[in-house]
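Notes for the one structure printed next.
Values in this text are rule-based calculations from the coordinates and carry no lab data. No experiment lies behind these values; they were computed from the predicted model shown. With ideal geometry, Cβ positions are generated from the backbone for all residues, glycine too; neighbour counts draw on all protein chains shown.
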Amino acid sequence: MTDRWIRWSQWGDGGMLAFGQMPVKEVDRWLREFGDRAKEIMDSTGADHVVYGMKLYDDDGSLEEVKFYLYEMGDEEFYKDVSTLKGCTIYALHNKKGDMK
């Protein structure tokens, strides 16, 4: 049985940086990599939140795509733009000093 492949993309302040396909079994390894980089960013900047990944699912609940980011966000932006998203799992670090609602 061959491993299932999904789409991936990496995003930065200027838009899409890279895209492609990867085996599903590689997704968690890459999320850990981006999570480690997000921790470095949070430690150096003191950002309230650093969003580093998103898994998107189809209508049947199967993983369809993964997106990678390294976005620093304040509380207001995170709660307005990210916390309300549906049909996905968000990967982010949250600074304990932030005002978690």
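May I ask you to derive the relative contact order of the range 5-94, considering only C-alpha pairs under 8 Å and at least 6 residues apart, and to give it as an integer percent? Working shown, then result.
On the way: 160 pairs, mean separation 29.0, N = 90.
Once normalised by length, the contact order is 32 percent.
Students often get this wrong, so try it: which of (1) 38, 33, 25; (2) 60, 36, 20; (3) 47, 27, 24 is Cα extents along the principal axes in Å as calculated from the structure shown?
(3)
At R0 = 25 Å, how high is the FRET efficiency between D28 and D58 if r is their beta carbon distance? Nearest 0.05 is fine.
Working: r = 19 Å, r/R0 = 0.76.
With R0 = 25 Å, the Cβ-Cβ based efficiency is 0.85.
Lysine pairs in the range 5-94 with Cα distance under 20 Å, only those 8 or more apart or on different chains: how many are there?
Summing the qualifying lysine pairs gives 9.
Sorting W11, W5 on the 10 Å Cβ count, fewest up front, what's the list?
Taking fewest neighbouring Cβ atoms as first place, the list is W5, W11.
Under a 10 Å cutoff between Cα atoms, tell me which one of D60, D13, D48 has the largest fluctuation in the Gaussian network model of the chain.
D60
How far is helix 27-45 tilted off the main Cα axis of the chain, in degrees rounded to 10, range 0 to 90?
Roughly 10 degrees, rounded to the nearest 10.
Which one, V82, V66, V50, has the greatest fluctuation when you compute a Gaussian network model over the chain with C-alpha springs under 10 angstrom?
V82
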